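Q: Please find one structure pasted underneath; my questions will follow.
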Amino acid sequence: MPTNDPPSRRVVITGAGWVTPLGRDINEVWSKLLNAQSAVAPISRFDASTYATNFAAEVKDFDEAQFDSTDHKSAGRSTRFALAATDDAWKNAKLDTNPIDPSRIGIYTGAGEGSPDYDPYLRATIGAWDHDARSFNSATWGAQALATMSAAPEIEQEPQLTNLHIARRFRVTGPSLNCMTACAASTQAIGEAAEIIRRGDADAMIAGGAHSMIHILGITGFVRLTAMSTRRDDPATASRPFDVSREGFVMGEGAGIVILESLESAQKRGAPILAELAGFGSTADAYRITDIHPDGKGGAGAMARALQQAGISPDDTDDQGRPLVHWINAHGTGTQENDKTESAGVKSVFKANATKIPFSSVKSMLGHLIQAAGAVELITCLKAIETGIIPPTANLKDPDPACGLDHVPTTPRDTNPQGGIKVTLSNSFGFGGQNDCVCLTRFEP
Amino acid sequence: MKRSVVITGLGPICSIASDAPSFQIAVSSAQRSITPIESFDPSAFRAQLAGQVTEPNIRDMVPKPYRKATKVMARDTELAVIAAKAAADDAGLKTRGSEDDDSGFTIDPARSGCNIGAGLIACDTAELSRAVATAANDDGSFSDSKWGTIEPGSAGMNNLPPLWLLKYLPNMLACHVTIIHGLEGPSNTIMGAEAGALLSIGESMRIIERDDADLCFAGGAESRVNPHGLLRWELSDKLATATTADDPADSCKPYDPSSQGCFLGEAGGMLVIEEATHAQNRNARVYATLAGFAATQSLTPALPIFDDEPTDSDEGLERAITNALKDANLTPGDIDIVYPLAVGIPELDAREAGAIESALGPRADQIPWITLTDKVGNTLAAHGAIAAAAAALALSSQTIPDSPTRSPSNPPNELRNALVCTPSLAGQCAALVLSR
């Protein structure tokens, strides 16, 4: 087993920003979450009326055009989400007034691919099908695509363009990485970004994720996988993690960005310290591309390693008999398999303590933001630490005994009488078996 | 004490090589393989040549029970899986991917990681074409309502296979490799265009240094030798234009102002890297030590979406090299050979050369520069691993390859340290220092 070395440098969070299906203002979105408000509704971005899943949690009232007259005029939708979230996090961290050497600020995102310029793309693709020969004609496709598609939308689909736009907007030039580990991506990005600061390769990192798969082929892909809920008659209740009647996740979109910083840099600048990033764990299931290991051992390994790095024992309790972890933000997608195996993983890590730890999923309200999910959910952990309140799992009427944990159904929980929230875990598990977990702690000097 | 990380296995699968031994021969004799595109008719495009991998076949590179899963692999994933198998074999590793019986593995799954650079995977245009043709309006545009399948009798999107999406998720490269070889440690998929593999190797090195793993499969794989991949690059105007009648050597010429651009190359590059005592304990052959790594972001990659003035330097790349040397506790005078990207686009080559010259000072003119892009195409996410494999072979065999792209009058007598560095499409830069 790895040694539990004291980390070479402590890493804290000094700023946060997000663009979510429930809005952009952090406190406003937080109060909606505590009210169990759902952002899920019929898809408006294209005509999905005949799709088996015709609803999603879309970002509404977001002014994409705000970037049109800037350096980012060709940026795709999810990159614009990321820029807005970074604007807020940057200000929040007082980086506009109390700066850091920009070469010591890096970027680590789990930023998803952009979406195609559908009209010319699908016209060319339809036109290249030779009905008589029943075959695809690549010369026809190439000629039409070259004539009708343009460079900028194609370039902007490259996932690393999100990093480049952020870098140019804030003139930061430190280490720049983008990981695409599907639903685990932005938790992994934040965890690895913290490691970059710990080892001294940067003093601060813009870390998080952005993604929108609410477009024709994005929705198509998940409809074909039968991974999404098809509760067409009642979209607002479709995302119901841990409920016996759950039947798939609901797609969301958005971005979440945090500013990670070495403690000494944050203190030197007089930046607000929102929490400490105390631990990170990352594993692979190495099991199957379509299924999670039934024991949930990959997720369990990630949680155990994050706790170990944070120096927190999963078996211990405090003087009041309360476990040391006060909330686990579940990956909690609302698929039969995820919720069961994730719960099994929690039980294997926390044993007797498992049922005493609140374990809820905000995907019940925000949907699943795919690559952006982990970052947005980590910001809910910041709010939980700040307020002592745990957001509920909405739509959870009939908890599945096969999950069997403390799922905080439908109403939030105030932990202040027990001393509030000092330690949170946030889980994100990717399709194909990548598992990541980040442990935040209330900052204590 | 800082844990030391060494390279023990090479899987450089590209147009000139199907395994480590053939790669060594091809690289040391400066072979080139840029050939007419065979997998589809490229006649609509100005660039009709590419670096192509013809062997080995994916089915021969996975355990028999896994052959069925090759049907859901994009070409990029096939190349990653092939390269990983080649690297594991070259490292003398016994994993569940190398043996049909499951006994006697030489790796501890929980302590073995996998970080692979990947690119934006283009979906199979032919497969999509057949499917979307069933959902066309009379004017040739796409009909969402015909595509959806809620109405009885509509086939629409059901013409795509159920696992269609899984073929194109970039993390599938690492997923298949982790499943095949049983790697349960940290696993990542890093997107960085030409910098993807170097970033993945560097991050793997850090994961081993910080004691989260003892061994990692690290590298990258990508194939843009498909209609959409070629289209994306042709729209960006970065490709050399050559048809079957032309000699590729006349079109893509690193550091030559008359060069037209690059060719695309498909490749999978994978290294097995290990903590030094882990390698020693299993008597592994060590090619080289990973001595230093750094990554940066350059703000002005020459992309047509920005209104930047052209520049002849790349501050980001220069700083990546300087920081990697610092990380290795070395100075420019310690570097004896350099492996740049050199895509063959004159303005990009000039910027890159300028950055290397600024970072290395006079040393830049005293050492050979070895380029691979002109020989195997721009292999994008695989590039850094292919170049690092070449550097590792040069160091272990103490041989300077034939015909360096830039050759000093007095080549060094010995090769102590090699620099592998690259800029990239979106400005991510990475530099890696390898030591004998």
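Q: If B:THR241 meets every condition in (1) at pLDDT below 95; (2) within 8 Å of chain A (Cβ to nearest Cβ) apart from one, which number is that one?
A: Status for B:THR241: all satisfied but (2).
Q: Residue check: is B:GLU209 touching a helix residue (DSSP H, G or I) at 6+ places or on another chain (Cβ under 9 Å), within 10 Å of chain A (Cβ to nearest Cβ) and either charged (D, E, K, R) or crowded, with 19+ Cβ neighbours inside 10 Å (or both)? Outline the logic, then answer.
A: On the way: touching a helix residue (DSSP H, G or I) at 6+ places or on another chain (Cβ under 9 Å): no; within 10 Å of chain A (Cβ to nearest Cβ): yes; either charged (D, E, K, R) or crowded, with 19+ Cβ neighbours inside 10 Å (or both): yes.
So B:GLU209 does not fit the description; no.
Q: Given the conditions (1) under 16 Å from A:GLU377 (Cα atoms); (2) in contact (Cβ under 8 Å) with a residue 24 or more places away in the chain, which single one is not true for A:GLU28?
A: (2)
Q: Still on this structure: Working only within the range A:303-330, note down all residues that are within 12 Å of chain B (Cβ to nearest Cβ), buried (at least 22 other Cβ atoms within 10 Å of the Cβ) and under 16 Å from A:ILE357 (Cβ atoms).
A: Scanning the range A:303-330 gives a single hit, A:ALA306.
Q: Can I ask one more? Just to verify a result, which residue in the range A:81-137, among those that are in a helix (DSSP H, G or I) and of a type in the set (Phe, Trp, Tyr), is surrounded by the fewest Cβ atoms within 10 Å (Cβ to Cβ)? Can you show your working first?
A: Taking the range A:81-137 and keeping what is in a helix (DSSP H, G or I), we get A:81-92, A:102-104, A:118-127.
Then keep just the ones that are of a type in the set (Phe, Trp, Tyr); that gives A:81, A:90, A:118, A:121.
Values: A:PHE81: 31, A:TRP90: 21, A:TYR118: 17, A:TYR121: 25.
Of everything passing the filter in the range A:81-137, A:TYR118 is surrounded by the fewest Cβ atoms within 10 Å (Cβ to Cβ).
Q: Which one of these is in a helix (DSSP H, G or I), in the same structural domain as A:PRO409 (by TED's automatic domain parsing) and more than 20 Å from the chain's Cα centre (by Cα): A:ALA372, A:ALA306, A:ALA352, A:ALA302? Working first, answer last.
A: Values: A:ALA372 fails: more than 20 Å from the chain's Cα centre (by Cα); A:ALA306 fails: more than 20 Å from the chain's Cα centre (by Cα); A:ALA302 fails: more than 20 Å from the chain's Cα centre (by Cα).
So the residue among A:ALA372, A:ALA306, A:ALA352, A:ALA302 that is in a helix (DSSP H, G or I), in the same structural domain as A:PRO409 (by TED's automatic domain parsing) and more than 20 Å from the chain's Cα centre (by Cα) is A:ALA352.
Q: Here's another thing I want to ask about it. Failed condition for B:ASP402, given (1) under 25 Å from B:ASP312 (Cα atoms); (2) modelled with pLDDT under 95; (3) of a type in the set (Asp, Glu), with all others met?
A: (1)
Q: Suppose the filter is surrounded by 23 or more Cβ atoms within 10 Å (Cβ to Cβ) and more than 29 Å from B:ILE207 (Cα to Cα); does B:GLY261 pass it?
A: Details: surrounded by 23 or more Cβ atoms within 10 Å (Cβ to Cβ): yes; more than 29 Å from B:ILE207 (Cα to Cα): yes.
Criteria met by B:GLY261.
Q: Go through the range A:375-389 residue by residue and tally those that are more than 11 Å from the chain's Cα centre (by Cα) and part of a helix (DSSP H, G or I).
A: As a first pass, look at the range A:375-389 and keep what is more than 11 Å from the chain's Cα centre (by Cα): A:381-389.
If we keep only those that are part of a helix (DSSP H, G or I) too, we end up with A:381-387.
Of the residues in the range A:375-389, 7 are more than 11 Å from the chain's Cα centre (by Cα) and part of a helix (DSSP H, G or I).
Q: Exactly one condition in (1) in contact with a Ser or Thr (Cβ under 9 Å, 6 or more places away or on another chain); (2) in a loop (DSSP other than H, G, I, E, B) is false for A:GLY142; which is it?
A: Just one mismatch for A:GLY142, condition (2).
Q: Within the set of pairs 6+ apart or on separate chains, which have a first residue in the range B:156-175 that is in a loop (DSSP other than H, G, I, E, B), a second that is of a type in the set (Lys, Arg), and C-beta atoms under 6 Å apart?
A: Pairs that qualify, where the first residue is in a loop (DSSP other than H, G, I, E, B) and the partner is of a type in the set (Lys, Arg), are B:LEU160/A:ARG224; B:PRO162/A:ARG224.
Q: Give me a count of the residues in the range B:142-153 that are surrounded by 16 or more Cβ atoms within 10 Å (Cβ to Cβ), facing chain A (nearest Cβ under 7 Å) and in a loop (DSSP other than H, G, I, E, B).
A: Residues in the range B:142-153 being surrounded by 16 or more Cβ atoms within 10 Å (Cβ to Cβ), facing chain A (nearest Cβ under 7 Å) and in a loop (DSSP other than H, G, I, E, B): 3 in total.
Q: Any idea which of A:SER176, A:SER186, A:SER212, A:SER229 is under 28 Å from A:LEU425 (Cβ atoms), within 8 Å of chain B (Cβ to nearest Cβ) and among the hydroxyl-bearing types (Ser, Thr, Tyr)?
A: Result of the check over A:SER176, A:SER186, A:SER212, A:SER229: A:SER176.
Q: Here's something else I'd like to know. Return the residue satisfying two criteria in turn: it lies in the range B:298-328 and is more than 8 Å from chain A (Cβ to nearest Cβ) and small (Gly, Ala, Ser), and of such residues it is surrounded by the most Cβ atoms within 10 Å (Cβ to Cβ).
A: So, considering only residues that are more than 8 Å from chain A (Cβ to nearest Cβ) and small (Gly, Ala, Ser), the one surrounded by the most Cβ atoms within 10 Å (Cβ to Cβ) is B:ALA320.
Q: Looking at the range A:34-55, which of its residues are more than 14 Å from chain B (Cβ to nearest Cβ) and touching an Asp or Glu at 6+ places or on another chain (Cβ under 8 Å)?
A: Correct list: A:ALA39, A:ALA41.
Q: Taking the range B:19-39 on its own, how many of its residues are surrounded by 19 or more Cβ atoms within 10 Å (Cβ to Cβ) and either within 14 Å of another protein chain (Cβ to nearest Cβ) or among the polar types (S, T, N, Q) (or both)?
A: Total meeting the criteria: 3.
Q: What are the residues in the range A:146-168 that are touching an Asp or Glu at 6+ places or on another chain (Cβ under 8 Å), assigned to a helix (DSSP H, G or I) and either facing chain B (nearest Cβ under 7 Å) or surrounded by fewer than 20 Cβ atoms within 10 Å (Cβ to Cβ) (or both), if any?
A: Hits for the range A:146-168 are A:LEU146, A:ALA151, A:PRO153, A:GLU154, A:ARG168.
Q: Check the range B:94-103 and report whether any residue there is within 14 Å of chain A (Cβ to nearest Cβ) and either among the hydrophobic types (A, V, I, L, M, F, W, C) or within 17 Å of B:ARG224 (Cα to Cα) (or both).
A: Initially, the range B:94-103 is screened for residues within 14 Å of chain A (Cβ to nearest Cβ), giving B:95-97, B:102.
Now drop any that are not either among the hydrophobic types (A, V, I, L, M, F, W, C) or within 17 Å of B:ARG224 (Cα to Cα) (or both), which leaves none.
Taking every residue of the range B:94-103 in turn, none turns out to be within 14 Å of chain A (Cβ to nearest Cβ) and either among the hydrophobic types (A, V, I, L, M, F, W, C) or within 17 Å of B:ARG224 (Cα to Cα) (or both).
Q: Would you say B:ALA355 is in contact (Cβ under 8 Å) with a residue 60 or more places away in the chain, more than 21 Å from the chain's Cα centre (by Cα), within 14 Å of chain A (Cβ to nearest Cβ) and more than 15 Å from B:PHE293 (Cα to Cα)?
A: yes
Q: Would you mention how many residues in the range B:190-226 are assigned to a helix (DSSP H, G or I) and among the hydrophobic types (A, V, I, L, M, F, W, C)?
A: Within the range B:190-226, the first condition is being assigned to a helix (DSSP H, G or I), and the residues that meet it are B:193-209.
Now drop any that are not among the hydrophobic types (A, V, I, L, M, F, W, C), which leaves B:193, B:195, B:197-199, B:201, B:205, B:207-208.
Matching residues across the range B:190-226 total 9.
Q: Still on this structure, I have one more. I'd like the full set of residues that are surrounded by 15 or more Cβ atoms within 10 Å (Cβ to Cβ), more than 20 Å from the chain's Cα centre (by Cα) and not in a loop (DSSP other than H, G, I, E, B), limited to the range B:274-290. Explain how you work it out, then say what you get.
A: Start the filter on the range B:274-290 by keeping residues that are surrounded by 15 or more Cβ atoms within 10 Å (Cβ to Cβ), which leaves B:274-276, B:278-279, B:282, B:284, B:286-290.
If we keep only those that are more than 20 Å from the chain's Cα centre (by Cα) as well, we get B:275-276, B:278-279, B:282, B:284, B:286.
The answer is B:GLU275, B:ALA276, B:HIS278, B:ALA279.
Q: Now, a different point. Quick one: A:PHE280 ticks every box in (1) out of contact with any strand residue (DSSP E or B) (no Cβ under 8 Å at 6 or more places or on another chain); (2) of a type in the set (Phe, Trp, Tyr); (3) crowded, with 22+ Cβ neighbours inside 10 Å bar one, so which box is it?
A: Among (1) out of contact with any strand residue (DSSP E or B) (no Cβ under 8 Å at 6 or more places or on another chain); (2) of a type in the set (Phe, Trp, Tyr); (3) crowded, with 22+ Cβ neighbours inside 10 Å, the lone unmet condition for A:PHE280 is (1).
Q: If you don't mind, another one. Inside the range B:180-191, can you point out the residues that are over 15 Å from A:GLN188 (Cβ atoms), buried (at least 24 other Cβ atoms within 10 Å of the Cβ) and at the interface with chain A (Cβ under 7 Å from one of its Cβ atoms)?
A: B:LEU183, B:GLU184
Each row is one residue, and each column tells you yes or no for (1) touching a strand residue (DSSP E or B) at 6+ places or on another chain (Cβ under 8 Å); (2) within 14 Å of chain A (Cβ to nearest Cβ); (3) touching a residue at least 60 places away in the same chain (Cβ under 8 Å).
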| site | (1), (2), (3) |
| --- | --- |
| B:ALA390 | yes, no, yes |
| B:LEU395 | yes, no, yes |
| B:THR399 | no, no, yes |
| B:THR405 | yes, no, yes |
| B:PRO412 | yes, no, yes |
| B:VAL420 | yes, no, yes |
| B:CYS429 | yes, yes, yes |
| B:SER435 | yes, no, yes |
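Q: So which residues in the range A:75-130 are within 24 Å of the chain's Cα centre (by Cα), away from chain B (no Cβ under 12 Å) and among the acidic types (Asp, Glu), if there are any at all?
A: A:ASP87, A:ASP88
The values are calculated or read from the model by the stated rules, or taken from the named source; none is laboratory data. From a predicted model like this one, the values you see are computed outputs, not experimental measurements. Here Cβ is always computed from backbone atoms with ideal geometry, including for glycine, and neighbour counts include all displayed protein chains.
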